[in-house]
Each structure stands twice: as C-alpha cells, then as structure tokens.
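The values are calculated or read from the model by the stated rules, or taken from the named source; none is laboratory data. Treat the numbers as computed from the prediction; the structure is a model and nothing was measured. Cβ sites come from the backbone with ideal geometry, for glycine too, and all protein chains shown count toward neighbours. These accessible areas exclude ligands, DNA and RNA; they are computed on the full protein's heavy atoms, side chains included. Shrake-Rupley method; radii C 1.70, N 1.55, O 1.52, S 1.80 Å.
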Amino acid sequence: MTIISSSQNPKVKLVHALLGRAKERREAGAFVAEGVRLVEEALNSNWSFRFVLYDASLNDRGSSLIEGLLSRGIEVEELSEHLMKSLSDTETPQGVLAVLSDTRLPIPDSPSFILIPDQIRDPGNLGTLLRTAAAAGVQAVFLPPETTDAFSPKVLRSGMGAHFRLPIHSMKWEKIRRETNDLKIFLADMDGDSCWEIDLRQPLALIVGSEAEGASDEARRLASQKISIPMSGDTESLNAGVAGSVLMFEVVRQRTYTAG
C-alpha cells in the first residue's frame, strides 16, 4: 500500500479545508472526526464514511479499528506520521481521522425534550451541552443563528460521540418556533423561578444562553417562562455548559422519580 506523503493529495487538502471554516463543511456536506474513540463511535453508529486516514503511530486499539473499517468496505489510506501531525487539530494526535458525511439524525415525531443552545460560542461549552443532552435523553438539539458550529473539531471532541446519537439541527428562529409550537419553552435565567419548584415533566424545550451575552432577543420572545438554579453564597452564575447540564438532569430527575 502506498503511503500518502504529499500535502497536495486531494484527500489531505479536503481534510485541511474541513478542519477550518464551517462554510467549507457546509459546502462539502462533510466533517472530520479525529481520534480512535470518535471514529469508533461513528462506526458503531453506522454513520456514513467518506474515507479514513491513519498513520503508523496507531496503538493496538487503533489497529483493530482499522481492521473493522476495512471489513465494512470503508476506504482507508495510510499517511506519513509527519503529514498526520500537520493535519491534526490536537497536540497529541492519535493517528487516525475520518471524513464523515454530514447526515443529521432525524427529529423524532412529537418530541417532549428539546435543547436550544442560544449564542453559545465557546466550543467546550457547546460540546458539554451536547454530551449532557445525549446522556439526559434530550430528543433533539436546535441550533439558532449565532451559535458556534456543532461539527467543528473542538465541539466534536468535547461532545465525546454525542453527535452520533443525537439529532442536531441548525435552524432559523422562525423554524424553531414552528418545531416547538406544542412545547413549553423555558429560558435559563438568573432571575427565573427555581427549577426545584417548576413542573418539568411536561413536554418542553430548554433554552440556554451564553454566559457572556445571555439569551438573544429572539430567544426571550419565544420563551414562556424563565428558570433558574438556586445557588448559595456569593456565586453569581455558572457557565453555560454546567448550568444547562444541571437543568437537563433536573428534568430527568423529575420525570424519573417524581410521581403523578
């Protein structure tokens, strides 16, 4: 097998582009998942692969992954280690990355638990929210304008595979309003009612705004009630990833352990 060593190789150039701007990912209808765990998650989820690149630094788990990819008929090519390092978005590359089709999971009929991360621009916060949403049983995530691209490399790493289990859809506010027409809309806000005193067993959507800017005007117009997390001491706020996670699992707690 020939080892790719040129930065002018078409696959290498495509990976460079996809790791860059959201515009390139949208136009190509593809994104990059880097690292053994993320590629495993994509494979186990039967995601659509374009191709996979790896280098000789792969550990035993990575080598087994390559065998599994080949057995599924997925195109796999080896890169030089130097070229892989130049492509990698991490300080310590794991020796494998996949170019995946941007095929979003479908929104279920009549969902009862939706997350709307509004103006979340920090990739770590958005990834945390997506990871928690998958763990908490959120049925879909609607990304309004001004929220960072959920399929950027940093969000994908922080999401730890949530992208392959959770419908994540970018939408304008008009469509979000239509999709949530039958839901109670809660907006996370310091001035809201305590989450311990609100009935969260009803079908709902939860809006979490950015820590720096809060929720947008469109989000505030859509919301029907503000919800807050009681905090002790002089703590003024939690970051968006933590606050959203606490609220999502309060929904889980009420729906699981609170009787009729």
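Take Leu100 and tell me if it is assigned to a loop (DSSP other than H, G, I, E, B) and surrounded by 15 or more Cβ atoms within 10 Å (Cβ to Cβ). Against the criterion (assigned to a loop (DSSP other than H, G, I, E, B) and surrounded by 15 or more Cβ atoms within 10 Å (Cβ to Cβ)), Leu100 does not qualify. From the list Asp234, Asp199, the lone residue that is loosely packed, with under 13 Cβ neighbours inside 10 Å, at pLDDT below 95, among the acidic types (Asp, Glu) and out of contact with any Ser or Thr (no Cβ under 6 Å at 6 or more places or on another chain) is Asp234. Only one of the numbered conditions (1) assigned to a loop (DSSP other than H, G, I, E, B); (2) touching a helix residue (DSSP H, G or I) at 6+ places or on another chain (Cβ under 6 Å) is violated by Leu130, and that is (1). The single residue among Ser245, Ser170 that is among the hydroxyl-bearing types (Ser, Thr, Tyr) and open to solvent by 60 Å² or more (accessible area, probe 1.4 Å) turns out to be Ser170. Asp109 - would you say it is more than 26 Å from Pro203 (Cα to Cα), open to solvent by 30 Å² or more (accessible area, probe 1.4 Å) and not basic (Lys, Arg)? Here the answer is no, as Asp109 does not meet what is asked.
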